[in-house]
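The structure under discussion appears below in the form of structure tokens.
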Amino acid sequence: MPPPSHSSPGRRSVWRVATPVIVLLSGVLFAVSAKQSDGLDLRGGRLTDLASVVRAERDEAGDLTAQAAALNVEVDSLSTELGDRSVRRAQREVAELADPAGLTEKTGTAVQVTLDDAPLEARLSYEDNPNDLVVHQQDIQAVANAMWNAGATAVTIQGQRLISTTGIKCEGNQVTLHGLPYSPPYVIVGIGDPAALEAELSTDPILAAYRDYTDIPGGGVSWDMAELASATAPAYTGLLDLTYATPMAE
């Protein structure tokens, strides 16, 4: 009897079920392998790529270390230059200018000038211009200028050290100096040669005009000049920034 041409129905039924199961299991294995590998080869090639990454990171770390070393050398070089001749010369210039700029304390012989308004009763009875009987900012400034002209090494007003940017401003019956208001009497002290200071103060034309108002009948402004064996002008400790006005926008 010849063999049958087709498999038996039982075997065909087994393969019909087994084949989809095998395909499904293969798909699951492929999916798990892809997830675990994260897109990389799970065999020897992955180890080769990892070694390349390590070498690249090591090279980059070496470059950064070299840059850091170079920057440290530059920092050390710049720090060393702080003591070179150019820096020391600039530091000497700063030290030399600190004294004439009024940033150091000065002590020595001096002349003191005191200016004051006329007594109240004299001002009340005065029939002419009342401004004749009060001290103005220009009077104080004239005393300071005369002292500078006489070679004073330091000048103070009300104990405050004057510097090149000091402004004396009159506000009502007070004078403002470095932002602080002062009332009379105004005491101006110049440190220097007393003979030179007194000579300049006595011959200055603006101060001569001021002294004319000391002789007003009934009492005028006052003027007192005295020589001091020793006086101290403190160092200026205020702001050194320069400020200036700007036009308003139209």
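Results, tabulated for the structure shown:
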quantity: Two-site label geometry, Cys170 and Asn145: point separation in nm, points 7 Å out along Cα→Cβ; calculated: 1.4 nm
quantity: Accessible area of Glu200 in the full protein assembly, 1.4 Å probe (Å², nearest 10); calculated: 50 Å²
quantity: Difference of contour (0.36 nm per residue) and Cα-Cα distance, Ala68 to Ser230; calculated: 52.4 nm
quantity: Segment Asp99-Ser125, extension gain: residue separation times 0.36 nm, minus the distance between their alpha carbons; calculated: 4.6 nm
quantity: For peptides 173-186, 135-148, sequence by mean Cβ density within 10 Å, most packed first; calculated: 135-148, 173-186
quantity: At R0 = 51 Å, FRET efficiency that the Cβ-Cβ distance of Gln137 and Ser86 yields, to 0.05; calculated: 0.70
quantity: By average C-beta atoms within 10 angstrom, highest first, the peptides 153-162, 210-219; calculated: 153-162, 210-219
quantity: Rough spin-label spacing in nm, given labels placed 7 Å along Cα→Cβ, for Thr114 and Ala209; calculated: 2.6 nm
quantity: Cα gyration tensor category, rounded, prolate or oblate, for the range 155-250 with a/c compared to 1.5; calculated: oblate
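The values are calculated or read from the model by the stated rules, or taken from the named source; none is laboratory data. Computed from a predicted structure; not experimentally measured. Methodologically, a virtual Cβ is constructed for each residue, glycine included, from the backbone with ideal geometry; neighbour enumeration extends over all protein chains shown. For the accessible areas, the whole protein counts, side chains as well, though only heavy atoms, and no ligand, DNA or RNA atoms are used. Shrake-Rupley method; radii C 1.70, N 1.55, O 1.52, S 1.80 Å.
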